[in-house]
Ligand code: PMP
């Protein structure tokens with residue numbers, strides 16, 4: 001605390017990202033990164049953009065990331081004016097809070113969800129109501145009907161991994177015609193149905209995506225929002241009042257190359273999904289209760305062993321998973337799906353920690 005800090009900074013409770021350990025070879029299953037590298041076309045595109053001497057870096061990038069947005073729009077059957085691009089979906093979400101979610105009626109989002117949402121709400125002074133998930137961690141659609149203000153949720157939800165079917169999402173979008181409904185689809189490619197197909201019918205729907213997960217580009221910071229052109233315009237107004245060049249040149253060509261390599265993307269997602277099912281089986285056979293996941297992570301609890309202690313013992317072995325000290329979920333661990341080899345190492349460590357007396 002310092003007297004030089006503005007009022008709002010004194011009161012902020014910043015988001016705490018998962019640890020990025022400074023170890024040579026940690027088994028990092030704590031921030032839902034992809035275990036596979038991006039498409040080989042990505043490195044080629046970056047090298048092409050850099051050229052021999054990095055000549056292009058002298059110039060600012062395209063502030064509207066037009067080629068990238070055209071590629072991604074075509075990939076999803078949208079028009080470029082329905083696509084907003086930002087510096088990671090965290091930045092996109094920040095703009096969404098400021099541009100679309102601040103109204104008299106409180107914003108509604110689940111009590112157990114991406115923990116950045118309450119942080120953004122405080123930063124931008126957005127009133128919100130945390131709506132309890134059901135006991136099985138599913139989102140109860142009936143709690144989001146009634147045109148009672150903006151709605152935001154991830155699908156699949158994080159950190160639970162549970163997905164809502166498209167018909168349920170449509171019910172929520174259709175029932176709130178006077179407010180924006182935002183679906184954060186950071187993990188959608190690992191097993192949920194995207195709401196992008198609803199965009200042409202619902203001008204209040206915004207869908208947020210990231211290149212960090214299924215396209216293995218967390219290090220590049222590229223995210224998107226898809227929706228009616230007027231929602232995208234609202235985001236551009238905020239962007240151009242904040243940072244007009246959010247995506248650097250390398251990020252733009254890298255993400256474009258990743259979206260152009262659809263076969264690689266699909267194959268990677270299939271491998272992650274297969275490993276998730278395998279790890280779910282293995283942990284279940286050790287007695288863990290695993291929430292059904294449509295994401296690249298699982299959410300699991302052991303009926304006997306304390307989650308925080310398990311996480312600490314794993315960390316002693318340089319294995320990193322995520323534990324949230326939060327009501328309702330402090331007995332759970334969120335474990336990112338790695339390669340089969342990485343998942344096997346995690347399961348082996350769990351076997352030792354839960355079966356040796
Ligand atoms: N939404 C959800 C639900 C997430 O879990 C994450 C990753 N922490 C993000 C958005 C942000 O991802 P990124 O900024 O890397 O696009």
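The values are calculated or read from the model by the stated rules, or taken from the named source; none is laboratory data. What you see is a predicted model, and the numbers here were worked out from it, not measured in a lab. Note that we place each Cβ from the backbone using ideal geometry, even for glycine, and neighbour counts take in every protein chain shown.
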Return a yes/no flag: does segment 52-67 have any residue that is closer than 30 Å to residue 119 by Cβ and within 16 Å of the ligand (Cβ to nearest atom). yes
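Identify all residues within segment 330-348 that are surrounded by 18 or more Cβ atoms within 10 Å (Cβ to Cβ) and over 17 Å from residue 17 (Cα atoms); write none if there are none.
Here is the first cut: in segment 330-348, the residues surrounded by 18 or more Cβ atoms within 10 Å (Cβ to Cβ) are 332-338, 342-343, 346-347.
Scanning segment 330-348 gives 332, 337, 338, 342, 343, 346, 347.
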Looking at segment 176-187 only, could you name the residues that are crowded, with 22+ Cβ neighbours inside 10 Å and in contact (Cβ under 8 Å) with a residue 40 or more places away in the chain? 180, 182, 184, 186, 187
Where residue 188 falls short, out of the listed (1) over 18 Å from residue 94 (Cα atoms); (2) more than 16 Å from the ligand (Cβ to nearest atom): (2)
Search result, residues across segment 158-178 that are in contact with a strand residue (DSSP E or B) (Cβ under 7 Å, 6 or more places away or on another chain) and over 27 Å from residue 328 (Cα atoms): 173, 176
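Could you tell me whether residue 326 is modelled with pLDDT under 95 and in the same structural domain as residue 341 (by TED's automatic domain parsing)? Even if it seems obvious, please write down each step before you answer.
Details: modelled with pLDDT under 95: yes; in the same structural domain as residue 341 (by TED's automatic domain parsing): yes.
Answer is yes for this residue.
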Among the residues in segment 172-181, are any under 19 Å from residue 38 (Cβ atoms), within 16 Å of the ligand (Cβ to nearest atom) and within 20 Å of the chain's Cα centre (by Cα)? no
Those residues that are within 16 Å of the ligand (Cβ to nearest atom) and surrounded by 17 or more Cβ atoms within 10 Å (Cβ to Cβ), I need them from segment 9-30; list them, please. 28, 29, 30
Just to be sure, is residue 34 in contact with a helix residue (DSSP H, G or I) (Cβ under 8 Å, 6 or more places away or on another chain), part of a loop (DSSP other than H, G, I, E, B), at pLDDT 95 or above and within 16 Å of the ligand (Cβ to nearest atom)? yes
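Find the helices (runs of 4 or more DSSP H) located wholly in segment 218-334 whose residues include 1 or more that are in contact with a helix residue (DSSP H, G or I) (Cβ under 8 Å, 6 or more places away or on another chain), more than 16 Å from the ligand (Cβ to nearest atom) and within 29 Å of residue 193 (Cα to Cα), and list them.
On the way: elements: 229-239, 249-260, 262-285, 307-316.
In segment 218-334, 229-239, 249-260, 262-285 are the helices (runs of 4 or more DSSP H) which contain 1 or more residues that are in contact with a helix residue (DSSP H, G or I) (Cβ under 8 Å, 6 or more places away or on another chain), more than 16 Å from the ligand (Cβ to nearest atom) and within 29 Å of residue 193 (Cα to Cα).
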